Ligand code: GLY
């Protein structure tokens, strides 16, 4: 079955190809985009060790010269020093305006390489080859690129759409269970924000896809990318509705800051907990029935993904301190926090109309059960 998705953005439109063996078979999709037989590949130590030889073999068999830069794995790489290193390396390798840069890796590599491509010679094209579930369903699609600042995550960046996304489903086989499930947090988000049927499908098929069912994995990546592509096509630079893709993220970003962006909480785990808190808040202020957060919790627990604050090891700050961290979020407009809340599973919307006292009550309750 064909799972590919088209992102319709006029001249900046591109395809997301979703199937097994795409790294091995990548050359046939890359060649038509090249103006000369030459690419630059940036990856990280973990992914490079697993897939770089396969990619370079495929490129070399097609007569394409490739140079590779391997960066350290981990969130700390999304920073000025590695951005400088990447851009200077691309210049040293004489990557020209019409060449292509390939980002081979998870969300960190996709974000930093996309940003390097955005600013190199005022913009060169790039291809996303996402190897984590999180990157395949979210960060490699939609053109958000950037690095972190000491003031917070993703505060420095640019919108720069890739020319192609190659989501190789086989690459998900080498993810640890924890990394796979963290990516699943972003998958569930799509069902919650706009497609109750997809959420129901995940309730039925989630365990099978987590256990390795390739067809179901491809279907879940396809459904997620299809939803994201439609939202991005309608609001590329997040002037309005694209913000619903941030369901769970206002809580998530505060929790990531509170846990020092460490292994205590992976981004997708924070998204899953953040979605639960967003549904708790929605139920508290009477937007949705209490059965919706309960249904979400039940599914996340069945999957074995972090669901509640009690699933985060170690101490957490007070509700008031967490709210202060939320106020650092990029989504603050005129000093007012913006939340993505829900009227139902599959029916989310953006609002600034939330009383801080309700947020404090939801967080205090969540912290009290975790104490
Ligand atoms: N990850 C949210 C977005 O791309 O808009």
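Values as computed for the structure displayed
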{"quantity": "Relative contact order %, the chain, counting alpha carbon pairs below 8 Å whose residues are six or more apart", "calculated": "15"}
{"quantity": "Sorted by Cβ neighbour density within 10 Å, fewest at the top, the residues 35, 282", "calculated": "35, 282"}
{"quantity": "Relative contact order (%) - criterion: Cα under 8 Å, at least six apart; region: segment 52-199", "calculated": "19"}
{"quantity": "Percent RCO, i.e. relative contact order, over segment 160-311, from Cα pairs under 8 Å lying at least 6 residues apart", "calculated": "25"}
{"quantity": "Residue of 155, 300, 322 that the Gaussian network model of the chain assigns the largest fluctuation, springs spanning Cα pairs under 10 Å", "calculated": "155"}
{"quantity": "0 to 90° range, to nearest 10: angle between helix 196-210 axis and the chain longest Cα axis", "calculated": "60"}
{"quantity": "36, 217, 284 arranged by Cβ crowding within 10 Å, fewest neighbours leading", "calculated": "36, 284, 217"}
{"quantity": "Most mobile listed residue (111, 311, 263) in the chain, GNM with C-alpha springs under 10 Å", "calculated": "263"}
{"quantity": "Rounded tilt (10° steps) of 107-119 against the dominant C-alpha axis of the chain", "calculated": "60"}
{"quantity": "Angle in degrees between helix 291-303 and the longest Cα principal axis of the chain, rounded to the nearest 10", "calculated": "50"}
{"quantity": "Per-residue Cβ neighbour rank within 10 angstrom, fewest leading, 57, 44, 353", "calculated": "353, 57, 44"}
{"quantity": "Spatial separation of Cα centroids for segment 250-287 and segment 41-58, in angstrom", "calculated": "33"}
{"quantity": "Rounded to 5, the percent of DSSP beta bridges in the chain classed as antiparallel", "calculated": "35"}
{"quantity": "Among 46, 355, 148: highest mean-square fluctuation, GNM of the chain, C-alpha pairs under 10 Å", "calculated": "355"}
{"quantity": "Shape call, segment 251-302: gyration tensor on alpha carbons, a/c limit 1.5", "calculated": "oblate"}
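Bear in mind these aren't lab numbers, they're just calculated from the coordinates by the rules spelled out. What you see is a predicted model; the values in this text were computed from it and never measured. Note: ideal-geometry Cβ built from the backbone for every residue, glycine included; neighbour counts use all protein chains shown.
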